[in-house]
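One structure below.
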Amino acid sequence: MVILISGRGSNMRALIETAQSYRVSLVLADVPDAGGLAIARDLGIDARAVPKEKNMDRAGYDRRLAEAIDAAAPSLIVLAGFMRILSPEFVDRYAGRILNIHPSLLPKHPGLHTHRRVLAAGDALHGATVHFVTAELDGGPAIIQARVPVRPGDDETALAARVQAVEHRIYPLAVAWYCAGRLRCRDGLAWLDGKALSTPLEYAADGALPASS
């Protein structure tokens, strides 16, 4: 698979370090100084930047990114803190083969600054969602969620750290399901083991696999 990043790539690192039933062949970043590039190389993964050229529009950049991806011929594309909004044409090109993880319990709080928004809303629960990518921002079929409590006195940093810890558990799980042929996207739904997921699986607090898996 190919992993796309924009920053230090903590989820990328978790995916590489826990890889057993899948292989990460390439890491691409949209910014040359993304810290995750050096981390990936240290872990033995080919990693390079595909920066946006001056005056290049979104469609043009997406074509350039697709060329780099296609050269690796991946079965799966994984977004791990990739901060660019992908064009509908790009998403259609890889329909059903792109996964993302979002730091909220979708459909609540799509978009940016989720930890801040959770605190401002007074939510009792926060978490992360792995989902298939569609043209709708953070709106693709959800696969699995992990919940964390919002504690009294939490700030964005503390809350983000607890959410990131569960991200590192559920993302490799969903990727492994896909690469084992158990997870697919069709008819606008995520399917696991031949069953449509009308709601996302919930990751158990004790780390056990979801019962329906």
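The values are calculated or read from the model by the stated rules, or taken from the named source; none is laboratory data. Since we're looking at a predicted model, the values are computed, not measured. A quick note on method: Cβ atoms are made from the backbone with ideal geometry, for glycine too, and the neighbour counts reach across all protein chains shown.
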Please name all residue pairs, on different chains or six or more residues apart, with Cβ atoms under 6 Å, provided the first residue is in segment 122-133 and is not assigned by TED's automatic domain parsing to the domain that holds V166 and the second residue is outside any strand (DSSP E or B) and at pLDDT below 95.
none
Hey, does segment 143-158 have a residue that's surrounded by fewer than 16 Cβ atoms within 10 Å (Cβ to Cβ) and within 21 Å of L4 (Cα to Cα)?
no
Could you tell me whether segment 77-91 includes any residue that is surrounded by 17 or more Cβ atoms within 10 Å (Cβ to Cβ) and among the acidic types (D, E)?
no
When you scan segment 9-49, how many residues do you find that are surrounded by fewer than 18 Cβ atoms within 10 Å (Cβ to Cβ) and without any contact (Cβ under 8 Å) to a residue 40 or more places away in the chain?
14
By residue number, the members of segment 90-115 that are within 18 Å of G9 (Cα to Cα), in a loop (DSSP other than H, G, I, E, B) and touching a residue at least 60 places away in the same chain (Cβ under 8 Å) are P103
Kindly indicate whether any position in segment 116-137 is among the charged types (D, E, K, R), within 24 Å of A14 (Cα to Cα) and part of a helix (DSSP H, G or I).
no
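Scan A190, A176 and give me the residue that is touching a residue at least 24 places away in the same chain (Cβ under 8 Å) and not in a strand (DSSP E or B).
Going through A190, A176 in turn, the sole match is A176.
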